[in-house]
Amino acid sequence: DAGVTQSPTHLIKTRGQHVTLRCSPISGHKSVSWYQQVLGQGPQFIFQYYEKEERGRGNFPDRFSARQFPNYSSELNVNALLLGDSALYLCASSLEGLRAEQYFGPGTRLTVT
Amino acid sequence: KNQVEQSPQSLIILEGKNCTLQCNYTVSPFSNLRWYKQDTGRGPVSLTIMTFSENTKSNGRYTATLDADTKQSSLHITASQLSDSASYICVVTGTSGSARQLTFGSGTQLTVLP
C-alpha cells in the first residue's frame, strides 16, 4: 500500500506569489493535517481536516488556507508568499479520532526568494 | 499558551550506550503525547503514543514514560545503534470541544557514533 504522498517534492517561488501544495492520504484515511517545519525546528501545526471539514487550526495568518476533497486528498494554499514561508511542509493522514495514529508524508520543500 | 519543551537540544553518544530524552509540556487540556523519530529530509515516524492514564510504553529499544501530574515525559533508548541518529520530537495533542491541535517540541538531535 502506498503511504502518504505529497507533490511537488521541491518548489521555488518568489515573494508575493501564490503556491498550492497537494497531499494524498493513505487509502481509507479520512483525516489530513498540515504542518510547517522551518529548518532546525519542530513542525508547527497549521490545519486538520476530517471529512472535508476543518477540525483544527494553528496560529497561522489568513494567507494560509486549505481544503479537503471528496476523495480525502487535500490542498494547502499560501498567498502573498514571504521569505519566512520557506520551510518543509508536511502532510499527515490518519483514520479518525483523537487517538488516531498520524502517518507523515515526505514533505514539500518550499523556498521563497 | 500551549508549549512543548525538549532537552537536551542535541546529544552525542557512542554506539551501544543508553540515553534519555526529556519533554515538558504545558498543553491543556491534554489528550495524548507522542514521540516521533525524524530522519533528515524525511517526515516523522511515530514511536509511541500515550494517553493520560498510561505511565510507560515500550516499542523495541524505545521506552517512553509519562507523568501527567508534572506534565513530563521521557524517551529512553537502550543499546543505541548508528541508525538511531535522528531528531526525536515530542508532540502533545490538546483538545477544545471537537477541535484538536498538536503542539510539537523542537526536537532533540541525537547522533550515535561508532
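Quick look at the values:
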read-out: Qualifying position, being touching a Lys or Arg at 6+ places or on another chain (Cβ under 7 Å) and surrounded by 21 or more Cβ atoms within 10 Å (Cβ to Cβ), among A:48, A:36; value: A:48
read-out: Residue check, residue A:59 of a type outside the set (Phe, Trp, Tyr), facing another protein chain (nearest Cβ under 10 Å) and either within 18 Å of residue B:93 (Cβ to Cβ) or touching a strand residue (DSSP E or B) at 6+ places or on another chain (Cβ under 9 Å) (or both); value: yes
read-out: Residue among B:31, B:46, B:53 that alone is open to solvent by 20 Å² or more (accessible area, probe 1.4 Å), within 14 Å of chain A (Cβ to nearest Cβ) and either in contact with a Gly (Cβ under 7 Å, 6 or more places away or on another chain) or touching a residue at least 40 places away in the same chain (Cβ under 8 Å) (or both); value: B:31
read-out: All positions within region A:87-106 that are open to solvent by 40 Å² or more (accessible area, probe 1.4 Å), in contact (Cβ under 8 Å) with a residue 12 or more places away in the chain and part of a loop (DSSP other than H, G, I, E, B); value: A:95, A:96, A:106
read-out: Single condition residue B:88 does not satisfy, out of (1) in a loop (DSSP other than H, G, I, E, B); (2) modelled with pLDDT of 95 or more; (3) surrounded by 18 or more Cβ atoms within 10 Å (Cβ to Cβ); value: (1)
read-out: Residue pairs meeting the criteria (Cβ under 8 Å; at least 6 apart or on separate chains; first free of Cβ contacts under 8 Å to residues at least 40 places away in the same chain, in region A:50-61; second open to solvent by less than 80 Å² (accessible area, probe 1.4 Å) and β-branched (Val, Ile, Thr)); value: A:57/A:46; A:58/A:46; A:60/A:46
read-out: Which numbered condition residue B:80 fails, given (1) in a strand (DSSP E or B); (2) over 25 Å from residue A:37 (Cα atoms); (3) open to solvent by less than 20 Å² (accessible area, probe 1.4 Å); value: (1)
read-out: Selection count where residues are closer than 19 Å to residue B:50 by Cβ and surrounded by fewer than 18 Cβ atoms within 10 Å (Cβ to Cβ), scope region B:1-23; value: 6
read-out: For residue B:41: the one exception among (1) over 20 Å from residue B:18 (Cα atoms); (2) open to solvent by less than 20 Å² (accessible area, probe 1.4 Å); value: (2)
read-out: Enumeration of residues in region A:17-33 that are β-branched (Val, Ile, Thr) and crowded, with 22+ Cβ neighbours inside 10 Å; value: A:32
read-out: Residues satisfying the stated conditions in region A:57-86, i.e. assigned to a strand (DSSP E or B) and either buried (at least 21 other Cβ atoms within 10 Å of the Cβ) or of a type in the set (Phe, Trp, Tyr) (or both); value: A:64, A:66, A:68, A:74, A:76, A:78
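For every residue, the table says whether it meets (1) at pLDDT below 95; (2) of a type in the set (A, V, I, L, M, F, W, C).
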position: A:38; (1), (2): yes, yes
position: A:50; (1), (2): yes, no
position: A:58; (1), (2): yes, no
position: A:66; (1), (2): no, yes
position: A:69; (1), (2): no, yes
position: A:78; (1), (2): no, yes
position: A:82; (1), (2): no, yes
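The values are calculated or read from the model by the stated rules, or taken from the named source; none is laboratory data. Bear in mind that the values here come from a model prediction, so they are computed numbers and not experimental data. Here Cβ is always computed from backbone atoms with ideal geometry, including for glycine, and neighbour counts include all displayed protein chains. When the accessible area is computed, the model is the full protein with side chains, heavy atoms only, and any ligands, DNA or RNA have been set aside. Shrake-Rupley method; radii C 1.70, N 1.55, O 1.52, S 1.80 Å.
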